[in-house]
Amino acid sequence: MIVVKSTYHKRALFLRRYNQSMGEPKFSYATWLRDSRRTYGLVGTLSGLARGTYELLRDSLPSRRRLRYGDLDYDCDHRVDTTWSNVSFATRVREVFVGRGYQPTDPFIFREMMEHVPADLRGYTFIDLGSGKGRALLLAREYPFSRIVGMELLPELHSVARQNIQCLPPEEQAGFELVCGDARQFVFPPEPVFLYLFDPFTAPILTKVIANLERSLSDNPRPVLIGYQNPISERVITASPRFGKISGTMQWALFGLKPEA
């Protein structure tokens with residue numbers, strides 16, 4: 001376990017130094033196209049682009065744009081920027097390519113889900129893959145997590161999340177770690193994990209993320225919980241031999257390790 005922990009912290013330190021030295025990472029359309037064709041095939045890739053383009057154009061209509069300002073209360077109360085309303089058009093175009101658009105976590109739904117967590121969260125690391133502007137990371141401060149980690153693919157959203165965290169007192173900032181990168185490459189830490197997902201990926205990508213988590217558990221058994229808001233692809237998790245559903249509604253699902261796992 002000591003070796004695993006050392007390896008994780010070395011990689012985390014490398015990622016922090018890499019981001020600091022290289023500046024903001026760039027989203028690569030060529031890499032996306034190559035990965036998408038490998039995962040979905042040419043027809044699936046073109047179909048996904050068509051759906052995403054339709055949603056982008058629809059959300060640009062005046063009637064839809066007004067709906068984008070319905071999530072401002074949290075930002076006004078906490079003086080942060082986690083809203084969907086001011087996401088740039090360029091970022092929304094990139095969201096078409098990654099297959100999921102940014103949407104901030106609803107505080108009421110998040111807290112409702114957390115009320116059903118059957119564990120003492122002291123000692124757990126909160127991990128949000130697809131962390132966007134960081135609203136779920138900020139909400140996680142309300143619970144006794146030992147550390148809060150966010151990973152976001154799009155550099156623009158990652159940069160805003162960093163600015164939000166920098167608004168916190170220095171002693172709170174020390175408990176956060178933000179990384180810009182591909183969730184499929186995420187190295188899960190050796191301590192107990194609470195993995196939070198707000199439907200950030202399509203099912204094939206989520207399958208790879210869960211497979212990585214399963215391998216991490218095989219190397220280093222420990223408690224793991226998964227909180228999944230807007231659980232469109234929850235079948236990926238229920239198909240895992242490791243995880244069973246603890247509780248849920250139409251808006252969220254909570255998973256834990258099966259007794260035999």
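The values are calculated or read from the model by the stated rules, or taken from the named source; none is laboratory data. Model, not experiment: these values are computed from the prediction. Heads up, the Cβs are rebuilt from the backbone with ideal geometry, glycines too, and the neighbour counts pull from every protein chain shown.
Quick notes
- Residues that are assigned to a loop (DSSP other than H, G, I, E, B), in contact with a helix residue (DSSP H, G or I) (Cβ under 7 Å, 6 or more places away or on another chain) and of a type outside the set (K, R) within region 123-145 comprise G130, S131, G132, G134, Y143, listed in sequence order.
- Qualifying residue in region 136-144 (condition: modelled with pLDDT under 95 and over 23 Å from I205 (Cα atoms)): no
- For region 146-169, a residue qualifies if it is part of a loop (DSSP other than H, G, I, E, B) and touching a Phe, Trp or Tyr at 6+ places or on another chain (Cβ under 7 Å), and the qualifying residues are S146, L154.
- Residue list for region 223-242, filter: out of contact with any Gly (no Cβ under 7 Å at 6 or more places or on another chain) and assigned to a strand (DSSP E or B): V224, I226, G227, Y228, Q229
- Within region 184-220, considering residues that are out of contact with any strand residue (DSSP E or B) (no Cβ under 9 Å at 6 or more places or on another chain) and part of a loop (DSSP other than H, G, I, E, B), the one farthest from L139 (Cα to Cα): N220
- If you go through region 184-225 and keep only what is under 21 Å from T105 (Cα atoms), in contact (Cβ under 8 Å) with a residue 60 or more places away in the chain and of a type in the set (A, V, I, L, M), you end up with V193, L195, L197, I205, V209, L225.
- Subset of region 148-181 (residues that are crowded, with 19+ Cβ neighbours inside 10 Å and under 19 Å from I205 (Cα atoms)): G150, M151, E152, L153, L154, V179, C180
- A239 vs. criteria more than 20 Å from F188 (Cα to Cα), modelled with pLDDT of 95 or more, of a type in the set (A, V, I, L, M) and surrounded by 17 or more Cβ atoms within 10 Å (Cβ to Cβ): no
- E234 over 26 Å from A119 (Cβ atoms) and either crowded, with 17+ Cβ neighbours inside 10 Å or of a type in the set (G, A, S) (or both): no
- Within region 137-152, residues that are more than 16 Å from E171 (Cα to Cα) sit with their Cβ atoms under 8 Å from residues that are surrounded by 24 or more Cβ atoms within 10 Å (Cβ to Cβ) and of a type in the set (S, T, Y), at 6+ positions apart or across chains, in these pairs: L139/T105; G150/S131; M151/S131; E152/S131.
- E172 satisfies every condition listed in (1) farther than 24 Å from L217 by Cβ; (2) under 18 Å from the mean Cα position of the chain (by Cα) except (2).
- Scanning region 120-145 for residues that are over 18 Å from D75 (Cβ atoms) and surrounded by 14 or more Cβ atoms within 10 Å (Cβ to Cβ) returns L121, G123, Y124, T125, F126, I127, L129, G130, Y143, F145.
- Test: residue in region 99-116 that is in a helix (DSSP H, G or I), modelled with pLDDT under 65 and of a type in the set (D, E): no
- Within region 187-203, the set of residues being surrounded by fewer than 20 Cβ atoms within 10 Å (Cβ to Cβ) and farther than 19 Å from A253 by Cβ comprises V187, E191, P192.
- Filter result for R235 (in contact with an Asp or Glu (Cβ under 6 Å, 6 or more places away or on another chain) and among the basic types (K, R)): no
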